[in-house]
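The values are calculated or read from the model by the stated rules, or taken from the named source; none is laboratory data. Treat the numbers as computed from the prediction; the structure is a model and nothing was measured. Every residue, glycine as well, gets a Cβ built from its backbone with ideal geometry; the counts of neighbours run over all protein chains shown. Keep in mind that these areas ignore ligands, DNA and RNA; they rest on the heavy atoms of the full protein, side chains included. Shrake-Rupley method; radii C 1.70, N 1.55, O 1.52, S 1.80 Å.
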Amino acid sequence: MLLNKIEEVREQIKTWRKEGFTTGLVPTMGALHAGHLSLIKRAKQECDKVVVSVFVNPIQFGPSEDFDKYPRTLEADTKLCEQEGVDIVFAPTPAEMYGEGNRLTNDTLTYVCPPFFYVNKLCGKTRIGHFDGVCTVVNKLFNIVQPDKAFFGQKDAQQAVIIRKMVKDLNIPVEVIQCPIIREESGLALSSRNKYLSEEGKKDALVLSRILNNIKNCYKKGITDVSALKETAYPFLTEKHDLEYLEILDRETLEEKEKADNNTIVLIACRVENVRLIDNVYLEDK
Ligand code: PAF
């Protein structure tokens, strides 16, 4: 069932609650791929009813980012959701979520702003205000759907850490479940932004997962010094790669480390054909 109105979703959720059903929420910006489908499948396994939100959230895009050209494929997304047995696809308009007017700033909207320590690194360093926008919309979706469980991908690892922190700090009664990254056979992490890449760009983009796997292998062979691990990346990079960051951090707190250990995550952001791609790997699978 495709719903666009907050009130319609609330009504349906109220009925489900009365009937004793549990609800899972999979928040997305649409352009669904196998990565999203893995979240939906997990939600179906763990909850009686599943809501997928499809909303390209204007307030998490910077002024020079790809909000206007972000892929919008609602018809195909709805079909995929139907095939997966999703109960509600919630696809509100920006006006439904934020009211009329397109100047949404902290002067006109109550924002949820995650702590500086978690934001002032990785993607947050260049995407100013991005995580304020993410936390604000996710909080709104939590309030609208009131899910028992919400499902997020490890691909956006910083986002997942920040959302867990928000849920803990604000005592939001939802369990956040993180699902593993889904990759093409080549190793390329699935992303809606892969649609912007040419065939050659897709090959160049494999460098991200190669760098991460190589660092993981080096760690398994006994190299733990973070600077030494980072240095192993440079031979992979060519003029086609515009590296934004390569960081080796604590996987729970995103704190810096001098020595890698089994609680470590390696994260990379790199532009290929001017498409900003991110990927990450845990040094130890848990
Ligand atoms: O990960 C995403 O697609 C978005 O950041 C999210 C969580 C749906 C919020 O708009």
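Mind listing whichever residues of the range 169-193 are assigned to a helix (DSSP H, G or I) and either touching a Ser or Thr at 6+ places or on another chain (Cβ under 8 Å) or open to solvent by less than 60 Å² (accessible area, probe 1.4 Å) (or both)?
Of the residues in the range 169-193, the ones assigned to a helix (DSSP H, G or I) are 169, 192-193.
Scanning the range 169-193 gives S192, R193.
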Residue count for the range 234-264, restricted to those that are under 19 Å from K155 (Cβ atoms) and among the hydrophobic types (A, V, I, L, M, F, W, C): 5
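Evaluate the following for G85: is it assigned to a loop (DSSP other than H, G, I, E, B), more than 16 Å from the ligand (Cβ to nearest atom) and either crowded, with 18+ Cβ neighbours inside 10 Å or at positive phi (or both)? Quick ask: steps written out before the conclusion?
Numbers: assigned to a loop (DSSP other than H, G, I, E, B): yes; more than 16 Å from the ligand (Cβ to nearest atom): yes; either crowded, with 18+ Cβ neighbours inside 10 Å or at positive phi (or both): yes.
In short, yes.
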Does the range 188-200 contain any residue that is more than 16 Å from the ligand (Cβ to nearest atom) and among the basic types (K, R)? no
I'm trying to understand the selection: among the residues of the range 252-272, which are part of a strand (DSSP E or B) and either within 23 Å of F116 (Cβ to Cβ) or β-branched (V, I, T) (or both)? E256, T264, I265, V266, L267, I268, A269, V272
With the requirement that a residue be open to solvent by less than 30 Å² (accessible area, probe 1.4 Å) and within 16 Å of the ligand (Cβ to nearest atom), what does the range 7-36 give you? V9, G24, L25, V26, P27, T28, G30, A31, L32, G35, H36
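Residues in the range 258-267 that are open to solvent by 20 Å² or more (accessible area, probe 1.4 Å) and either in contact (Cβ under 8 Å) with a residue 40 or more places away in the chain or over 15 Å from N280 (Cβ atoms) (or both): how many?
Narrowing the range 258-267 to residues open to solvent by 20 Å² or more (accessible area, probe 1.4 Å): 258-259, 261-263.
Right, trim to either in contact (Cβ under 8 Å) with a residue 40 or more places away in the chain or over 15 Å from N280 (Cβ atoms) (or both) and you get 258-259, 261-262.
Total meeting the criteria: 4.
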Name, by its number, the condition in (1) open to solvent by 30 Å² or more (accessible area, probe 1.4 Å); (2) outside any strand (DSSP E or B) that does not hold for S209. (1)
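Which of the helices (runs of 4 or more DSSP H) found entirely inside the range 102-168 contain at least 2 residues meeting this: near the ligand (Cβ under 10 Å from one of its atoms) and over 20 Å from S64 (Cα atoms)? Lay out the reasoning, then the answer.
Working: elements: 116-119, 122-126, 130-145.
Correct list: 130-145.
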When the residues of the range 63-82 are narrowed to those that are hydroxyl-bearing (S, T, Y) and not in a helix (DSSP H, G or I), which ends up surrounded by the most Cβ atoms within 10 Å (Cβ to Cβ)? Y70
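Name every residue in the range 42-53 that is within 16 Å of the ligand (Cβ to nearest atom) and open to solvent by less than 20 Å² (accessible area, probe 1.4 Å), in order of residue number. Don't jump to the end; show me each part of the working.
Taking the range 42-53 first, the residues within 16 Å of the ligand (Cβ to nearest atom) are 42-43, 50-53.
Scanning the range 42-53 gives A43, V50, V51, V52, S53.
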Note on V56: of the conditions (1) open to solvent by 30 Å² or more (accessible area, probe 1.4 Å); (2) in a loop (DSSP other than H, G, I, E, B); (3) in contact (Cβ under 8 Å) with a residue 24 or more places away in the chain, unmet is (1)
